[in-house]
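Structure, as structure tokens:
Derivation of every value follows stated rules applied to the coordinates shown; laboratory data play no part. The structure displayed is predicted, hence computed values, not measured ones. All Cβ positions, even for glycine, are placed from backbone atoms using ideal geometry, and neighbour counts span all protein chains on display.
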């Protein structure tokens, strides 16, 4: 038996980037920041995670998720490889989001 599950609680780094690779099928991508205190001085370390949502979840994210939103995310770690424009092989890690909950909207500045 094996398990691939990730749970994150953090802040959205930017509005979702939307794509529609097929008619009526949405894909949303955004970054999520998580922070923790490390060491005796309590230095804060922030990690950035790339989140990918598809289908109905992507459509909901497009409507409600904004930069600065506080988000709870459940999903799976996925790794993919691609070749960049310089023909260099790259490997990226992404969170394939299966469930999420909006915990707070960013405050509006006038």
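Residues that are surrounded by fewer than 15 Cβ atoms within 10 Å (Cβ to Cβ), over 13 Å from the mean Cα position of the chain (by Cα) and farther than 17 Å from residue 4 by Cα are absent from the range 94-102.
Residue check: residue 77 meets all listed conditions (1) surrounded by 14 or more Cβ atoms within 10 Å (Cβ to Cβ); (2) outside any loop (DSSP other than H, G, I, E, B) but one, namely (1).
Tell me yes or no: at least one residue of the range 38-55 is more than 16 Å from residue 15 (Cβ to Cβ), touching a strand residue (DSSP E or B) at 6+ places or on another chain (Cβ under 8 Å), in contact (Cβ under 8 Å) with a residue 24 or more places away in the chain and not in a strand (DSSP E or B). Yes, the conditions are met somewhere in the range 38-55. Could you say whether any residue in the range 56-69 is within 12 Å of the chain's Cα centre (by Cα), on the phi < 0 side of the Ramachandran plot, in a strand (DSSP E or B) and crowded, with 16+ Cβ neighbours inside 10 Å? No, because not a single residue in the range 56-69 is within 12 Å of the chain's Cα centre (by Cα), on the phi < 0 side of the Ramachandran plot, in a strand (DSSP E or B) and crowded, with 16+ Cβ neighbours inside 10 Å. Scanning the range 61-110 for residues that are within 15 Å of residue 17 (Cα to Cα) and without any contact (Cβ under 8 Å) to a residue 24 or more places away in the chain turns up just one, 63.
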